[in-house]
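The values are calculated or read from the model by the stated rules, or taken from the named source; none is laboratory data. As the structure is a prediction and not an experimental result, all values here were calculated from the model. FYI the Cβ positions are ideal-geometry reconstructions off the backbone, even for glycines, and counts take in every protein chain you see. Note: areas computed on protein heavy atoms with side chains; ligands, DNA, RNA excluded. Shrake-Rupley method; radii C 1.70, N 1.55, O 1.52, S 1.80 Å.
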Amino acid sequence: MDLGLKDRTVWIAAGTRGIGLACAQAFGAEGARVALCGRSAEGIASAAEALGDEAVILRADVSGADGVSGFAREALARLGPPDVLVVNAGGPPSLAFADIDDDQWQSAFELTLMSAVRLCRTVLPTMRERGFGRIVFITSLTVKQPLERMALSNSLRAGVTALCKTIVAEAASDGVTANCVGPGYTRTGRLEQLAATLAEARGAPVCEVMAGWEATIPAGRLGRPEEVARAVVFLGAPAAGYINGQTLVVDGGWTKGLV
């Protein structure tokens, strides 16, 4: 299937590692022109090694307004306005509700919800004027089934999902789609951090936590970043123009809900 992405412009937030980097590679393989950002020098270097000259790689922290505006300004100057925006950010820390203070809630709010708000506010007017746009939010399976010690993610990613629905209601008639991809247990650095945190809380080895997760997944294994990226690429393509306001969970069958 020709997804229609050749020479399309794609902006990817937090794209230097894990699922974000896999998305950059997958869009590039379809012939798209990709700009991505990350907040660490180490991440920028690893992305440059993985992507070479095939992408514009910028340093920016999207958890703040200045980071979003800086990324957008540079990406616009280098590639032009995006046909596709992939909204992504590092996940908030794994904590039980009772252990989270106001500052941690505020930091997670800026990182998870406000980064999405600011990124969409930056690109949506141009998408609507041009009569075409694809916004894909990378959220989590927690929007379908909340997880232990994930109060911040459980709460704020639900807000991102509501934002997605709101954009659809306002912009679908202008040729814009907005959808979410909810990764399940996917083998990334983020998952390793979550496993370590949960292992410490339980007083169990990390390998036991990982094995426990795998045992609950009908597919019998953890996901791979490129498997999530393929879903993001499809929803970001012109070919997916009548799919709007949906959450596609990529989790090997783990989520048990019917909707």
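For the chain, the longest principal axis of the C-alpha atoms and the axis of helix 41-51 are separated by about 60°. In the frame of its principal axes, region 75-141 has Cα extents of 47, 23, 20 Å, reported largest first. Taking every alpha-carbon pair under 8 Å whose residues sit at least 6 apart, region 167-259 reaches a relative contact order of 45 percent.
Summarising the amide proton neighbourhood of V34: residues at separation of 5 or more, or on other chains, whose placed amide H is nearer than 5 Å comprise V10, V56. Short to long, the 5 Å bins of the Cα pair-distance histogram for region 88-203 hold 2, 11, 20, 21, 17, 12, 8, 5, 2, 1, 0 percent of all pairs.
Please give the net charge around E74, taking every other residue with its beta carbon less than 13 angstrom from that of E74, where Lys and Arg add +1 and Asp and Glu add -1. Net charge in that neighbourhood comes out at +2. To the nearest 10, the accessible area of T166 is 70 Å² with a 1.4 Å probe.
Near K256, which lysines are there with a Cα under 17 Å away, not counting those fewer than 8 places off in the same chain? Reachable lysines: K144.
Ranking R39, R128 by solvent-accessible area of protein heavy atoms (1.4 Å probe, all protein chains present), from largest to smallest, gives R39, R128. Our note on the geometry: Cα centres of region 120-172 and region 192-259, 18 Å apart.
Helix 225-235 and the longest principal axis of the C-alpha atoms of the chain enclose an angle of approximately 40°. Summing charges over neighbours of A55, with a neighbour being any other residue whose Cβ is under 12 Å away from its Cβ, gives -1 when K and R count +1 and D and E count -1.
Take every pair of alpha-carbon atoms less than 8 Å apart whose residues are at least six positions apart; their mean separation over the length of the chain yields a relative contact order of 21 percent.
In plain terms, the bigger the Kirkwood radius, the slower the diffusion; for region 38-89, with that radius from Cα pairs, at 10 °C and 1.306 mPa s, Stokes-Einstein puts D at 136 µm²/s.
Once you list every other residue whose beta carbon is under 14 Å from the beta carbon of T142, what net charge do they have if Lys and Arg are +1 and Asp and Glu are -1?
Working: positive: K144, R149, R157, R190, K256; negative: E148, D251.
For residues surrounding T142, the net value is +3.
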